[in-house]
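The values are calculated or read from the model by the stated rules, or taken from the named source; none is laboratory data. Note that the coordinates shown come from a computational prediction; the quantities given were computed from them, not determined experimentally. Note that we place each Cβ from the backbone using ideal geometry, even for glycine, and neighbour counts take in every protein chain shown. Side chains included, ligands, DNA and RNA excluded: accessible areas come from the protein's heavy atoms. Shrake-Rupley method; radii C 1.70, N 1.55, O 1.52, S 1.80 Å.
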Amino acid sequence: MSSLSSWKELVIGGTITEPGSTVNVRTGTWRTKKPVINQDACTRCRICWEYCPEGVIQELDKPFVSKKGIKYAVTYEVNYDYCKGCGICANECPVKAIDMVSEYE
Ligand code: SF4
Ligand code: SF4
């Protein structure tokens with residue numbers, strides 16, 4: 001269970017009460033679709049990491065071996081606490097390794 005606040009608790013008008021305080025608000029809850037990365041298809045090109053306007057795609061030091069035996073030193077994962085589901089990452093991924101999946105199915 002996350003200790004972050006809901007976006008519904010934001011101050012009316014979107015006032016930022018102190019620098020950096022938005023990290024305390026779980027803004028991902030207004031998302032209707034979430035990006036799901038197919039780790040086997042992902043070529044670790046880093047384009048989604050570059051394009052995400054929220055900076056919520058994490059490059060983790062997490063080794064991964066694909067079904068074809070390709071070894072990767074890093075893994076890209078989405079921080080769903082803050083991802084707003086805009087779909088830019090899925091649109092930009094050159095190998096279509098990201099699917100936008102409904103939060104309601
Ligand atoms: S859906 Fe949008 S906010 Fe979420 S990880 Fe992709 S680019 Fe970032
Ligand atoms: S853009 Fe696609 S292939 Fe590149 S790192 Fe992201 S998910 Fe992987």
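Limited to the range 86-98, what total is found for residues that are within 9 Å of ligand 1 (Cβ to nearest atom) and open to solvent by 20 Å² or more (accessible area, probe 1.4 Å)?
Taking the range 86-98 first, the residues within 9 Å of ligand 1 (Cβ to nearest atom) are 86-92, 98.
Subset that is open to solvent by 20 Å² or more (accessible area, probe 1.4 Å): 86, 88, 91-92.
Qualifying residue count, the range 86-98: 4.
If you check Gln58 against the conditions, is it more than 8 Å from ligand 2 (Cβ to nearest atom) and exposed (fewer than 15 other Cβ atoms within 10 Å of the Cβ)? Please lay out each step first, then the result.
Values: more than 8 Å from ligand 2 (Cβ to nearest atom): yes; exposed (fewer than 15 other Cβ atoms within 10 Å of the Cβ): yes.
Taking the combined requirement at face value, the residue satisfies it.
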Which one of these is of a type outside the set (Lys, Arg), away from ligand 2 (no atom under 12 Å from the Cβ) and modelled with pLDDT of 95 or more: Cys52, Cys86, Cys45, Cys93? Cys86
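In the range 23-40, is there at least one residue being assigned to a helix (DSSP H, G or I), within 10 Å of ligand 1 (Cβ to nearest atom) and surrounded by 11 or more Cβ atoms within 10 Å (Cβ to Cβ)? Break it down stepwise before answering.
The first filter runs over the range 23-40 and keeps only residues assigned to a helix (DSSP H, G or I), leaving 23-24, 27-30.
Subsequent filtering for residues that are within 10 Å of ligand 1 (Cβ to nearest atom) retains 27-28.
Within this subset, residues satisfying the condition of being surrounded by 11 or more Cβ atoms within 10 Å (Cβ to Cβ) are 27-28.
Scanning the range 23-40 turns up at least one residue that is assigned to a helix (DSSP H, G or I), within 10 Å of ligand 1 (Cβ to nearest atom) and surrounded by 11 or more Cβ atoms within 10 Å (Cβ to Cβ).
Specify which of the listed residues (Lys62, Lys96) is more than 22 Å from Thr32 (Cβ to Cβ), part of a loop (DSSP other than H, G, I, E, B) and either more than 12 Å from the chain's Cα centre (by Cα) or among the small types (Gly, Ala, Ser) (or both). Steps first, answer last, please.
Working: Lys96 fails: more than 22 Å from Thr32 (Cβ to Cβ).
Only one candidate passes the filter, namely Lys62.
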Only residues that are assigned to a helix (DSSP H, G or I) and exposed (fewer than 12 other Cβ atoms within 10 Å of the Cβ): list them for the range 41-53, please. Glu50
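How about the range 65-83: which of its residues are more than 11 Å from ligand 2 (Cβ to nearest atom) and in a strand (DSSP E or B)? Steps first, answer last, please.
The initial filter retains those residues of the range 65-83 that are more than 11 Å from ligand 2 (Cβ to nearest atom), namely 65-71, 73, 79-83.
If the condition is that a residue be more than 11 Å from ligand 2 (Cβ to nearest atom) and in a strand (DSSP E or B), then Val65, Lys71 are the ones that fit.
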Condition first: within 24 Å of Trp30 (Cβ to Cβ) and β-branched (Val, Ile, Thr). Now tell me which residues in the range 42-69 satisfy that. Val56, Ile57
